[in-house]
1. In the chain, which longest range has no GluC sites (Glu not before Pro) that are both DSSP loop (not H, G, I, E or B) and surrounded by at most 10 other Cβ atoms within 10 Å?
2. Nearest 20 debye, what's the magnitude of the dipole of the stretch 35-84 about its Cα centre given +1 on Lys and Arg Cβ and -1 on Asp and Glu Cβ?
3. Could you give the radius of gyration (one decimal) and Dmax (whole number) of the Cα atoms in the chain, in Å?
4. Among VAL57, THR8, ALA47, pick out the residue whose Cα is farthest towards the positive end of the charge dipole of the chain, where Lys and Arg carry +1 and Asp and Glu carry -1 on C-beta, about the Cα centre.
5. Let's see if you can work this out: charge +1 on each Lys and Arg Cβ, -1 on each Asp and Glu Cβ, no other charges. What is the dipole magnitude of the chain about its Cα centre, in debye to the nearest 20?
Amino acid sequence: MDSRTELTVRLTDHERAGLTALAAGLREVAESDLSEEDAVVAALELALTRLIEDFEVPDPKAREQVQFARDELRAHWVRGSASL
């Protein structure tokens, strides 16, 4: 089942340029036609992984939430090669 939630994000010009560059870089690395939406999800997965591996999230409930979210992203990965 593919359920999606629409989300509006307001970005500065610099943040928008960064997102565009990230998507372009991922397209080249993955050799696939990835969207900016794919780039956001790849960055989200990387951020969750960094929280797990590189930082100590002090609150056990928050740490569990981060781990669960990252594992769920990976278990239901629908974006092909869009990972960092």
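Here, each number is a calculation from the coordinates, and none is a lab measurement. Here the structure is a predicted model, which is why all the values come from computation and not from measurement. Positions of Cβ are backbone-derived with ideal geometry, glycine not excepted, and every protein chain shown enters the neighbour counts.
1. Numbers: sites that count: GLU6, GLU31, GLU56.
Of all site-free stretches, the longest is 57-84.
2. Values: 6 positive and 11 negative charges, 19 e Å.
It comes to approximately 80 debye.
3. Answer for the chain, Rg first and Dmax second: 14.1, 39 Å.
4. Selected residue: VAL57.
5. Details: 10 positive and 18 negative charges, 27 e Å.
Taking the Cα centre of the chain as origin, the dipole is about 120 debye.
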